[in-house]
Amino acid sequence: MEKLKNKSLVYLFRFLIIFMVGKPLMQFLVLFLSRYLVLDETSKYFNLLFLGSFIIFIILLYIVVKLEKRNLREFGINFIKDYKICFKYLILGIFLPLITLIFLSLCKVYDFKGFNKIDLKYIIASAIAYFIQGSSEELLIRGYLHNRIKEHSNYTIALILNTIFFTLPHILTIDNIFTLEVLVIIINLILISFIFTMINEGERRLLPSIGLHIGWNYSLGVICGTPISGIQPSSGLIKYGNIIENNIITGGNYGIEGSVLLIPILMLLLYLNFRRFDLKKGKLNDSI
């Protein structure tokens, strides 16, 4: 038992190295590019996503390949075998924010005002950035931290740790965290983390949660044009306006992920996944 605990601490330490080293390197490279290239705020944002996620991805691969002598299949990644299920969850991830936006519009929170002009370069650049960002984040949080801690400790500790380190980066940009609005944001982020983890556990592979994560972020930022964890994209395909000026209901500058109306939607998804997956056996419940 003591050996397993020590092993868990080793994996947690390695994770923290990636987590803490990756962000400063990411910020340095973005500042470096911003100094020598003419970049607007949106360009800086996508460079941040791309470079930061790429750095984390490379550090993680080095640790896995060189130190642990493992391969990507041990993370639950097999692109040839699982690309179809990854695509299915990608589509699901794209539709969920759209459904949420429609729900909020029906609740008279948002007012639909038409569509913006399509910028093909922005759409393609966003797809690349969100692909790398979503993949590396899932690989790091769910693929590495969660699976390694679960392997050498237990599921509960692994779930708590992966949820903490998933939630923390998403609230670090908030100035005053001791507010009711931030409590709503944290609840939503915890529920989102639970859903991603449950899909990873239920499907017994990582690509579904990667697909869902990429689709969710891409839909929020590019299709819906809403802020993603407090970061405002330059534009979205859908044009809308706020009817209600209440940050707890609308999510304010944080976006849909900060809306209290998202909580019942996420809880419903969580319940449906509990019904759909037999997590103890790791098999789909075909009766649902």
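Any chance you could count how many residues in the stretch 218-229 are touching an Asp or Glu at 6+ places or on another chain (Cβ under 9 Å) and either surrounded by fewer than 24 Cβ atoms within 10 Å (Cβ to Cβ) or at pLDDT 85 or above (or both)? Even if it seems obvious, please write down each step before you answer.
As a first pass, look at the stretch 218-229 and keep what is touching an Asp or Glu at 6+ places or on another chain (Cβ under 9 Å): 220, 226-229.
Filter once more, keeping what is either surrounded by fewer than 24 Cβ atoms within 10 Å (Cβ to Cβ) or at pLDDT 85 or above (or both): 220, 227, 229.
Summing the residues that are touching an Asp or Glu at 6+ places or on another chain (Cβ under 9 Å) and either surrounded by fewer than 24 Cβ atoms within 10 Å (Cβ to Cβ) or at pLDDT 85 or above (or both) in the stretch 218-229 gives 3.
Please give the number of the condition residue 280 fails out of (1) in a loop (DSSP other than H, G, I, E, B); (2) at pLDDT 90 or above.
(2)
What number of residues in the stretch 91-114 are surrounded by 11 or more Cβ atoms within 10 Å (Cβ to Cβ) and either of a type outside the set (Val, Ile, Thr) or not in a helix (DSSP H, G or I) (or both)? Outline the logic, then answer.
Taking the stretch 91-114 as the starting set, the residues that turn out to be surrounded by 11 or more Cβ atoms within 10 Å (Cβ to Cβ) are 91-105, 107, 109-112.
Subsequent filtering for residues that are either of a type outside the set (Val, Ile, Thr) or not in a helix (DSSP H, G or I) (or both) retains 92-93, 95-98, 101, 103-105, 107, 109-112.
Selection size over the stretch 91-114: 15.
Considering only helices (runs of 4 or more DSSP H) fully contained in the stretch 140-252, which possess at least 1 residues that are over 24 Å from residue 105 (Cβ atoms) and of a type outside the set (S, T, N, Q)? Quick ask: steps written out before the conclusion?
On the way: elements: 147-152, 155-171, 180-203, 207-218, 247-250.
In the stretch 140-252, 147-152, 155-171, 180-203, 207-218 are the helices (runs of 4 or more DSSP H) which contain 1 or more residues that are over 24 Å from residue 105 (Cβ atoms) and of a type outside the set (S, T, N, Q).
Of 242, 176, 246, which residue is under 30 Å from residue 114 (Cα atoms), free of Cβ contacts under 8 Å to residues at least 60 places away in the same chain, among the polar types (S, T, N, Q) and surrounded by fewer than 20 Cβ atoms within 10 Å (Cβ to Cβ)? Spell out how you get there, then give the answer.
Values: 242 fails: free of Cβ contacts under 8 Å to residues at least 60 places away in the same chain; 176 fails: under 30 Å from residue 114 (Cα atoms).
Testing whether each residue is under 30 Å from residue 114 (Cα atoms), free of Cβ contacts under 8 Å to residues at least 60 places away in the same chain, among the polar types (S, T, N, Q) and surrounded by fewer than 20 Cβ atoms within 10 Å (Cβ to Cβ) leaves just 246.
Within the stretch 69-90, which residues are in contact (Cβ under 8 Å) with a residue 60 or more places away in the chain, among the hydrophobic types (A, V, I, L, M, F, W, C), in a helix (DSSP H, G or I) and surrounded by 13 or more Cβ atoms within 10 Å (Cβ to Cβ)?
Residues satisfying the conditions are 75, 85, 86, 87, 90.
Does the stretch 128-154 hold any residues that are in contact (Cβ under 8 Å) with a residue 12 or more places away in the chain and more than 14 Å from the chain's Cα centre (by Cα), and which are they? Walk me through it before giving the result.
Quick first cut of the stretch 128-154, residues in contact (Cβ under 8 Å) with a residue 12 or more places away in the chain only: 128-149, 152-153.
Scanning the stretch 128-154 gives 128, 144, 145, 146, 147, 148, 149, 152, 153.
Any idea which of 128, 118 is assigned to a loop (DSSP other than H, G, I, E, B) and either in contact with a Cys (Cβ under 8 Å, 6 or more places away or on another chain) or not hydroxyl-bearing (Ser, Thr, Tyr) (or both)? Write out each step before concluding.
Working: 128 fails: assigned to a loop (DSSP other than H, G, I, E, B).
Testing whether each residue is assigned to a loop (DSSP other than H, G, I, E, B) and either in contact with a Cys (Cβ under 8 Å, 6 or more places away or on another chain) or not hydroxyl-bearing (Ser, Thr, Tyr) (or both) leaves just 118.
The values are calculated or read from the model by the stated rules, or taken from the named source; none is laboratory data. If you're wondering where the values come from, they're calculated on a predicted model, not measured in any experiment. Please note: Cβ atoms are built from the backbone with ideal geometry, for glycine as well, and neighbour counts cover all protein chains shown.
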